[in-house]
1. For the range 199-348, give the share of DSSP beta bridges that are antiparallel, in percent and rounded to the nearest 5; count only bridges with both residues there.
2. Using all Cα-Cα distances in the range 32-106, what percent lands in each 10 angstrom bin from 0 up to the longest?
3. Give, in nm to one decimal, the length gained when the segment between Asp448 and Asp393 is fully stretched (0.36 nm per residue of separation minus the Cα-Cα distance).
4. Evaluate the range 445-526: find the radius of gyration of its Cα atoms, find its Kirkwood radius, and give the ratio Rg to Rh.
5. Roughly how many whole Å is it from the C-alpha centroid of the range 428-464 to that of the range 50-103?
6. Using per-residue counts of other Cβ atoms within 10 Å, averaged over each peptide, order 180-192, 271-283, 431-443 from highest down.
7. Which value, in nm² and rounded to one decimal, describes the direction-averaged projected area of the C-alpha convex hull of the range 322-372?
8. Please give the per residue accessible area of the chain, computed with a probe of 1.4 Å over protein heavy atoms only, in Å².
Amino acid sequence: MALLGRGFGHKPALILVALLALGFSAWLLYGVRTSLRGTVLADGAPLAGAVVRIQGSADYTITDQHGTFTLTVPLLDNFAHVTASAPGFYIAAAAGAPPNPITLTLLPHPTEDNPDYAFISPILDRENEAACARCHAHRSETVRAADEPAPLPVDEWLLDAHAQSAVNSRFLSLYNGTTLDGTRGDLTAYQFDSALGIDIPTAPTSGQGDVGFRLDFPDSAGSCAACHVPILALEHGHNADPNTAAGVAREGVTCDFCHKISGISLGADGLPVPDLPGVFSLTFLRPSHDEQVFMGPFDDTPGDDIYLPLQSESQFCAACHTGSFWGVSIYNSFGEWLDSPYSDPISGQTCQDCHMPRRGTTTFVDLPPDVTQFVPVRDPQTIFSHLMPGAADEALLATAAAITLDGTRSSEQVRVTVEVTNTGTGHHLPTDNPLRQVILLVEAHDADGNPLTLLDGARIPAWGGIGDPAQGYYAGLPGVLYAKILADVYTGETPTAAYWRQTSLVSDNRIAAFATDTSTYQFRLPANAGSVTLTARLILRRAFIELMAEKGWDTPDLLIAQETITVP
Ligand code: HEC
Ligand code: HEC
Ligand code: HEC
Ligand code: HEC
Ligand code: HEC
């Protein structure tokens, strides 16, 4: 190193000046722009209204009534990759060198859905030419910069709950009425109710074994697969039994499934029709033999790709994230989002904005050597993550809510006010599956660390768990449990986890987007208590603790936020 340094003497400075001059002139030249002209044809005739752009660039132009366009390109780009897109056609590409005009020919894409199409697994058969992992997964032999995130769509999706939705053991154990180790509960007993003229369940689900859809309805497959095992539901409609899922259907909500969705039917209220959960509200464009289509958010990816604006809208997620049973809203993150300021098209945020955060990479492919397709360097703002973080993601949870704590003391009491604000959740907190709860725990301690006694104020209800607080059974403790509480219409069981039965809404104190819940507490202050420490913790619990104990689910509670103050 030292030798080298001496040998080069003052040369590095000269080289630097030369490089700068070169760079500057290149930059000057780059500033000089030229025009690239061309025509877009479809069905042998010029096509007006097609979107034309340099592949990967944000600038675009639209063809005029003669199907012609003019793009401005830097003079130095002696070769430009141009794409054209219009509804009803595959995206087309051509390479052009100004001043020669170019022609792009759009080919119509299929418009009839083919129900016999066999979905492609991203991973099951990596040798398959069409397996997404061939091109959309990180290849171990690819050298990448240390600061560049490696995961591509397939690597990320493998870690996403959608990839597990058909085999999620909590789902299957609630569906089948088993514990995690497979012990099946008793079938539900029904009795004829002469006043109602129907058979009604005779006993609550808890305390009589396990709760489960198939214990209530042993002969019906139910509609659970419509969202959890969608490929099976597409094949077997209302007879799709999740236990029979095999092959690509076991991949749950998989790549090829989402990228074959072509539309969603919504009611006049903007929500999916209640009787049509999941796949029953969606339309698909599955190609026939020898054809392929991928619907995606880009209009400049030539080949078998089709631009679908719906991919970047919350409505894309609505069919499975809205759902009711017997007219009672059960899942509703989409509806809650729609009712919130987040659905404002200008100032709001989509599901994708929060759940598919920009990954910060400039590409979403890593092509094998035998695929020589041109791939542009893309704006990282246009590439979305397939990790789909949710309620199990601590980083996302940290953005969900904030706590403020206020305490004042008199000679005998400490009065505490706790505000919980939904600061970053684009819907209610908690949302979707009604098993979820968010629990606020409020504690007061004197200077010696002794807990103070609650005289008056909010307390955790029975469904926070009756038992040892050290084990997570919080009933009776100072605090609030935020949840949607449903009662079984016939047995009265409250809360019921059997939300596929006829239920009624008892209460819903979940916190809507940007809303604040305020609770107050008065703790007894012993003489000479010294300074008082107040702590508020907000945690997310995946399911009611008694259900978890019964089922053997051991998913730990997760911390969302914590605040501590001292009242001197
Ligand atoms: C739950 C549905 C869903 C699943 C499953 C899914 N995608 Fe996507 N994908 C989307 C949506 C929605 C977008 C567009 C996001 C946007 O633009 O707002 C997208 C975007 C893409 C893009 C464009 C680049 C990017 O990342 O933004 C590619 C490529 C892609 N997906 C491939 C895949 C592959 C490969 C898989 C499986 C490993 C997969 N997708 C699984 C919904 C899905
Ligand atoms: C075909 C139905 C379907 C579609 C379409 C769908 N989802 Fe889901 N989603 C599910 C199911 C089922 C689960 C539960 C999976 C599980 O936990 O087993 C889920 C879970 C989730 C979770 C929780 C993940 C976690 O780690 O807990 C998030 C977040 C989510 N979806 C967001 C989205 C977004 C955003 C879209 C649209 C881009 C979308 N989903 C489209 C069915 C769907
Ligand atoms: C309208 C679509 C839809 C239908 C129908 C549906 N689910 Fe779900 N389910 C979801 C979504 C979306 C999630 C994830 C939401 C969340 O994380 O809160 C989910 C989550 C769950 C979970 C929680 C999984 C976990 O890991 O915590 C269970 C259990 C479950 N569903 C069981 C069922 C059963 C049983 C049925 C049928 C009786 C059913 N679901 C019907 C969409 C649906
Ligand atoms: C042979 C390689 C290859 C395979 C296999 C492959 N893709 Fe792609 N895919 C690409 C390339 C290349 C692009 C465009 C990259 C670019 O322009 O930045 C792309 C783009 C996409 C897009 C974006 C389309 C748009 O218009 O927004 C989606 C979605 C997509 N692929 C999904 C899939 C899915 C799902 C699979 C598996 C079923 C798959 N791809 C298999 C190479 C492949
Ligand atoms: C402003 C950001 C934001 C937007 C927009 C947003 N979410 Fe969320 N979402 C969150 C946060 C934060 C959480 C974690 C807290 C929670 O579970 O409620 C979450 C959690 C979830 C979960 C996991 C629930 C569970 O208990 O497993 C699902 C499912 C979900 N969101 C679906 C959606 C859907 C569908 C949309 C669009 C209709 C959407 N989200 C829009 C921020 C957002």
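The values are calculated or read from the model by the stated rules, or taken from the named source; none is laboratory data. From a predicted model like this one, the values you see are computed outputs, not experimental measurements. When we count neighbours, we look across all protein chains shown, and the Cβ atoms used for this are built from the backbone with ideal geometry, even at glycine. For the accessible areas, the whole protein counts, side chains as well, though only heavy atoms, and no ligand, DNA or RNA atoms are used. Shrake-Rupley method; radii C 1.70, N 1.55, O 1.52, S 1.80 Å.
1. So the antiparallel bridges amount to about 65 percent of the total.
2. Taking all Cα pairs of the range 32-106, the binned fractions are 22, 58, 18, 1 percent.
3. Stretched out fully, the Asp448 to Asp393 stretch lengthens by 16.2 nm.
4. Checking Rg against Rh, the ratio lands at 1.08.
5. 60 Å
6. 431-443, 271-283, 180-192
7. Averaging across all directions leaves 6.8 nm² for the Cα convex hull.
8. 49 Å²
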